[in-house]
Amino acid sequence: MWEKLTNIDRRWLYALMILVIALALINPVGLAIIPSAETKNVYDIIESLPPGSIVWMGMEFSAGGIPELMPAILSMIRQGWKEGRDLRFVCAGMWQMAGDMADQAFTTLKDEFPNKQYGVDWVNIGYKPGGEVLLQQYQNNIIETALGVDFYGNDLNTLPLMKEFTSLKQADLIAIFCTGTPGEKEYIKHVTSPNNIPLIESAISVSIPEIMPFVQAGQIKGLIAGMKGAAEYEVLVGAPGSATAGMDAQSFSHALIIIFMILGNIGYVLTKNKKQAS
Amino acid sequence: MSETMVTVGTWLQAFFTIVLVSAVFKDNPLYRFAEHTYVGLFAGYGVALTYFNYIRPNVTKNLLTDGEWSLLIPIILGLLIYTRYVKPVAWLSRYTICFQLGIGSGYVLAKDFKPYFVDQIRATFLPLWGTGDWWKDVSNILFVVGTVCSLVYFLFTIQKKGVQGKVSLVGRYTMMIAFGAAFGNTVMARVSLFLGRMQFLLGDWLGLIK
């Protein structure tokens, strides 16, 4: 029996995983989500910003990062725009889909915040090529570096927010959403470390072990770790969304993987002993 | 965007999602088609975006209108890279590559040292006792011991015997724990990606979840 278990066709495991995730999504149990210290730091930092502060949102991800990062972006905008806060957001990125991701986020929240105006409360500069050199140049003159146009082709000189926000150094907070390189390392190197601007990040789970040294060193002030972190942040902001909805399914799928690993290891040890004995 | 286009988009998304996931069960021609479509679309989108958002405004405004003729230098350098496809003049592309390597090296030398070395080393200067919180004391000790032992592991010029051997062993176990955490996070990330797609299929496409 144990030999059969160690040689089970992996397609059955995939099918079981799909079934467990589907059932958990259709019939959620409502497992508790307890915010971690790193996510609370992000929430507290945003809360501590004076009304009208300018937050630079670095959209350093493509469509593959949407499930883990978009819930955090939506929650951050909601927190920034709730009654009396009136934070202002300038979005840009070194990744090709930066403009599309920012556009998707603000379009999703358009009906929730009908009074917020493009050009006054938020600007989407979008993607500009250049990588980390871009970050260096944004510190000198944003409009010149962006060639004077935003993601939609508007003249940046005509936007009221960009008349006030001319250099990346003027940002009160830098919030980046990353799935890889270029990402937080480039921001730390060129922007936040030399200029002492606080940096918070939402990153996909696979990057977390790599990012923790920067969190531990205080170079990143707060971290939203993957979908779990996004769910915690949604709970703190008080607006549960797709990340919270996915947590039951994530927990059950992880439990299934742990069961597979335990059974697989038991089977391996027993079959190994049996082979040695024979 | 009209409702018809949204519906078509949703069905296209569902089709490509199912077809791409089908690869884990069996390699099939539909999966190959979806894979090539994705790669081609992404490459084409990148080229179009770069051209319309950067190259065209740079050339029409900065170069032709404002007369910034110095931009011709990076334009020519950039175009030289394509000489790699023409064997007799392929050597010209080395200028572009050397320029990029020089810039990259300069950036590394000038910018990497403080945030990646000095600040990280400074972060290991932690109090090992007397913080007032016993758990913080234990954490700091584990952190400092783990960091030092892991670094000792990479001293390959000294034989791993005696004290060095034991310290290296502690470093190896520390790294194994770290790799285990990295693996766990990778699994979580992959499950999250798949969850996102399942939420789309069951929610936006089939309407089974709100």
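Here are some notes:
- Residues being of a type in the set (Gly, Ala, Ser), exposed (fewer than 15 other Cβ atoms within 10 Å of the Cβ) and within 21 Å of B:PHE200 (Cα to Cα) - total across the stretch B:7-50: 3
- Against the numbered list (1) in a helix (DSSP H, G or I); (2) surrounded by 15 or more Cβ atoms within 10 Å (Cβ to Cβ), B:VAL163 comes up short only at (2).
- Qualifying residues in the stretch A:82-114 (those that are within 12 Å of chain B (Cβ to nearest Cβ) and in a loop (DSSP other than H, G, I, E, B)) - the one farthest from the chain's Cα centre (by Cα): A:GLN96
- Subset of the stretch B:13-30 that is within 14 Å of another protein chain (Cβ to nearest Cβ) and of a type in the set (Phe, Trp, Tyr) - its residue that is nearest to the chain's Cα centre (by Cα): B:PHE16
- Residues (within 11 Å of chain B (Cβ to nearest Cβ) and among the polar types (S, T, N, Q)) located in the stretch A:134-144: A:GLN136
- Within the set B:SER93, B:SER105, the sole residue that is exposed (fewer than 12 other Cβ atoms within 10 Å of the Cβ), of a type in the set (S, T, N, Q) and either under 30 Å from A:ASP150 (Cα atoms) or not assigned by TED's automatic domain parsing to the domain that holds B:VAL148 (or both) turns out to be B:SER105.
- Some residue of the stretch A:5-28 being in a loop (DSSP other than H, G, I, E, B) and farther than 30 Å from A:GLY264 by Cβ: no
- Sub-8 Å Cβ pairs linking a first residue in the stretch A:103-131 that is free of Cβ contacts under 8 Å to residues at least 24 places away in the same chain and closer than 17 Å to A:ALA92 by Cβ to a second residue that is crowded, with 17+ Cβ neighbours inside 10 Å and hydroxyl-bearing (Ser, Thr, Tyr), at least 6 apart or interchain, are A:PRO129/B:TYR54, ordered by first then second residue.
So that you can scan it fast, the table gives a plain yes or no per residue for (1) loosely packed, with under 14 Cβ neighbours inside 10 Å; (2) among the β-branched types (Val, Ile, Thr):
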residue: A:GLY30; (1), (2): yes, no
residue: A:PRO35; (1), (2): no, no
residue: A:GLY52; (1), (2): yes, no
residue: A:GLY58; (1), (2): no, no
residue: A:ILE66; (1), (2): no, yes
residue: A:LEU69; (1), (2): no, no
residue: A:MET101; (1), (2): no, no
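- Of the residues in the stretch A:64-86, not one is closer than 20 Å to B:TYR54 by Cβ, out of contact with any Cys (no Cβ under 8 Å at 6 or more places or on another chain) and not aliphatic (A, V, I, L, M).
- Condition check for A:LEU74 on (1) hydrophobic (A, V, I, L, M, F, W, C); (2) more than 21 Å from the chain's Cα centre (by Cα); (3) assigned to a helix (DSSP H, G or I): one failure, at (2).
- Only one of the numbered conditions (1) under 23 Å from B:GLY196 (Cβ atoms); (2) outside any helix (DSSP H, G or I); (3) aromatic (Phe, Trp, Tyr) is not met by A:TRP56, and that is (1).
- Residue in the stretch B:81-96 that is within 14 Å of another protein chain (Cβ to nearest Cβ), free of Cβ contacts under 8 Å to residues at least 12 places away in the same chain and part of a helix (DSSP H, G or I) present: no
- Single match in B:PHE156, B:PHE143, B:PHE117, B:PHE125 (criterion: away from chain A (no Cβ under 13 Å), out of contact with any helix residue (DSSP H, G or I) (no Cβ under 7 Å at 6 or more places or on another chain) and of a type in the set (Phe, Trp, Tyr)): B:PHE156
- Selection from the stretch B:134-143 of residues that are touching a Ser or Thr at 6+ places or on another chain (Cβ under 8 Å) and either aromatic (Phe, Trp, Tyr) or within 13 Å of B:VAL167 (Cβ to Cβ) (or both): B:PHE143
- Selection of first residues in the stretch B:168-183 that are more than 17 Å from A:ILE204 (Cα to Cα) and assigned by TED's automatic domain parsing to the domain that holds B:VAL152 and of second residues that are aromatic (Phe, Trp, Tyr) and assigned to a helix (DSSP H, G or I), restricted to Cβ pairs under 6 Å at least 6 apart or on distinct chains, gives the following pairs, ordered by first then second residue: B:SER168/B:TYR153; B:GLY171/B:TYR153; B:ARG172/B:TYR153.
- Test: residue in the stretch A:57-68 that is within 18 Å of A:VAL235 (Cβ to Cβ) and either assigned by TED's automatic domain parsing to the domain that holds A:VAL206 or of a type in the set (Phe, Trp, Tyr) (or both): yes
- If you check B:GLY196, B:GLY106 for being at pLDDT 90 or above and within 14 Å of another protein chain (Cβ to nearest Cβ), only one passes: B:GLY196.
- Taking residues in the stretch B:28-53 that are within 17 Å of A:TYR127 (Cα to Cα), and partners anywhere that are not in a helix (DSSP H, G or I), the pairs with Cβ atoms closer than 6 Å and at least 6 places apart or on different chains are B:GLY46/A:GLN96; B:LEU49/A:GLN96; B:THR50/A:PRO129.
- Residues of the stretch B:67-80 that turn out to be outside any helix (DSSP H, G or I) and within 14 Å of chain A (Cβ to nearest Cβ), as a count: 1
- In the stretch B:56-66, residue surrounded by the most Cβ atoms within 10 Å (Cβ to Cβ) [restricted to those that are within 17 Å of A:GLY130 (Cα to Cα) and either touching a residue at least 12 places away in the same chain (Cβ under 8 Å) or more than 9 Å from chain A (Cβ to nearest Cβ) (or both)]: B:ASN58
- Members of the stretch A:250-265 that are surrounded by 13 or more Cβ atoms within 10 Å (Cβ to Cβ), out of contact with any Ser or Thr (no Cβ under 9 Å at 6 or more places or on another chain) and among the aliphatic types (A, V, I, L, M): A:LEU256, A:ILE257
- Condition check for B:LEU208: within 14 Å of another protein chain (Cβ to nearest Cβ) and in a loop (DSSP other than H, G, I, E, B): yes
The values are calculated or read from the model by the stated rules, or taken from the named source; none is laboratory data. Everything numeric here is computed off the predicted structure, so don't read it as measured data. Counting neighbours? That spans all protein chains shown, and the Cβs are built from the backbone with ideal geometry, glycine included.
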